[in-house]
Amino acid sequence: MCKACYIHIPFCHNICSYCDFCKFLYNPKWVAVYLDALKKEIMDRYLEEEVTTLYIGGGTPSCLDTTELNRLFKILSLIKKSSLCEATIECNIEDITEEKLLIFKANGINRLSIGIESFKAENLNFMERPLLKFREVQEKIALCRRLGFNNINLDLIYALPNETLKDVKTDLKYLLKLKPEHISTYSLMIENNTKLRVLNTEEIDEELDYNMFLEIGKTLEEMGYNHYEISNFALKNKESKHNLTYWHNEEYYGFGLGASGYIDGIRYTNTKSLKKYLLGTYVAEEEIVKGQEKMNYEVMLNLRLKEGINMAKFKEKYGVDIESVYDLKKLYKNKDLIKKKGNIYINPGKIYVMNEILLKII
């Protein structure tokens with residue numbers, strides 16, 4: 001049974017140079033027809049389960065105006081939500097107003113995920129994001145707090161060309177002044193279908209990237225944040241319940257252009273063609289996942305977590321011991337993997353090369 005639901009809103013006021021998500025420049029005409037199509041998809045495909053997490057991402061959902069937001073939430077009222085549902089919406093600082101926050105509050109949003117990315121003007125220019133003064137960011141976060149939002153995630157992007165370790169430390173210093181409950185950090189990757197790829201931008205030196213990764217982990221853990229997933233840090237009991245659905249390999253709905261979902265053993269990705277989506281052709285790709293493939297996903301996703309794979313839960317879920325499916329002896333010996341108290345997890349000192357370890361397992 002699906003207990004999580006992702007909603008994709010593909011509109012933005014500006015297109016960031018690094019972004020490879022499904023997105024369009026904001027246009028009220030296209031928002032109106034898109035919301036019509038989103039409602040139809042939900043009505044066609046939602047099986048009326050009660051969800052415990054709802055995540056509205058993008059794009060930039062907060063770029064919608066108040067009338068459009070009210071309409072979006074009316075559509076999302078079709079989805080049954082538990083009384084303790086974690087409901088997140090992604091925002092940009094410049095979009096946050098008291099009126100929009102009150103709309104979020106009235107419609108059950110209890111977690112905000114805000115794209116900060118950097119406080120350095122040079123970095124923001126490179127990413128083609130609006131230039132914001134720290135005081136403005138502080139004021140907007142304070143407004144969120146006054147209106148009762150006590151679960152806030154802030155995003156940080158690092159490893160930009162010409163960025164130094166000192167720059168990362170400075171960004172962390174400012175980020176921590178805002179006292180978020182959750183922090184997501186992402187090393188810049190030059191993806192296809194982005195302006196950075198077109199410009200042949202090169203990623204930074206791998207050793208510097210690694211040192212930045214270590215510095216972020218050390219600093220945030222010293223400040224009481226649990227590095228519970230490779231890119232995510234949280235204060236006690238503030239982990240993202242929605243994202244844990246993904247990493248625990250549980251099923252979830254994905255509605256909207258380019259959204260992904262996992263239902264009844266089928267992983268699917270929706271079309272990125274607005275024309276097809278508006279015509280009701282939602283799904284572009286499907287993968288039936290069973291047997292060994294399902295266990296492979298379990299391993300790959302669970303090992304992103306600090307706690308790794310719980311051996312008892314794996315056996316309960318699949319009816320076999322994980323060590324009878326995968327030959328892990330050499331990985332234990334090399335200390336790539338650690339087995340402790342019924343869990344198997346990646347050696348914290350080797351988390352940066354997680355993908356290489358996963359290849360050895362799979």
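The values are calculated or read from the model by the stated rules, or taken from the named source; none is laboratory data. This is a predicted model, so every value here is computed, not measured. Positions of Cβ are generated from backbone atoms using ideal geometry, with glycine treated the same way; all protein chains shown enter the neighbour counts.
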Residue match in segment 215-236 (condition: more than 19 Å from Y46 (Cβ to Cβ), crowded, with 18+ Cβ neighbours inside 10 Å, among the small types (G, A, S) and in contact (Cβ under 8 Å) with a residue 40 or more places away in the chain): yes
Conditions (1) among the hydroxyl-bearing types (S, T, Y); (2) farther than 25 Å from I89 by Cα; (3) part of a strand (DSSP E or B); number of the one not met by Y210: (3)
Cβ pairs under 7 Å, 6+ apart, first in segment 68-85 and closer than 17 Å to V33 by Cβ, second in a helix (DSSP H, G or I) and of a type in the set (D, E, K, R): L69/K100; I75/K39
Selected residue (criterion: surrounded by the most Cβ atoms within 10 Å (Cβ to Cβ)) from residues of segment 259-269 that are under 12 Å from C22 (Cβ atoms) and touching a residue at least 24 places away in the same chain (Cβ under 8 Å): A259
Residues located in segment 30-64, provided they are within 17 Å of the chain's Cα centre (by Cα) and either in contact (Cβ under 8 Å) with a residue 40 or more places away in the chain or more than 27 Å from L102 (Cβ to Cβ) (or both): T52, T53, L54, Y55, I56, G57, G58, G59, T60, P61
Enumeration of residues in segment 7-29 that are under 18 Å from N270 (Cα atoms) and over 18 Å from the mean Cα position of the chain (by Cα): F24
Criterion (surrounded by 14 or more Cβ atoms within 10 Å (Cβ to Cβ) and either touching a His at 6+ places or on another chain (Cβ under 9 Å) or not aromatic (F, W, Y) (or both)) met by exactly one of G256, G319: G256
Among the residues listed as T67, T60, the single one being under 16 Å from C12 (Cβ atoms), of a type in the set (V, I, T) and at pLDDT 95 or above: T60
Odd one out for D209 among (1) of a type in the set (D, E, K, R); (2) crowded, with 18+ Cβ neighbours inside 10 Å; (3) touching a strand residue (DSSP E or B) at 6+ places or on another chain (Cβ under 9 Å): (2)
Residue check, V283 more than 28 Å from Y34 (Cβ to Cβ), surrounded by fewer than 20 Cβ atoms within 10 Å (Cβ to Cβ) and not small (G, A, S): no
Condition broken by N249, with the remaining ones in (1) in a loop (DSSP other than H, G, I, E, B); (2) over 15 Å from the mean Cα position of the chain (by Cα) satisfied: (2)
Residues located in segment 146-167, provided they are under 21 Å from L235 (Cα atoms), charged (D, E, K, R) and surrounded by 12 or more Cβ atoms within 10 Å (Cβ to Cβ): D155
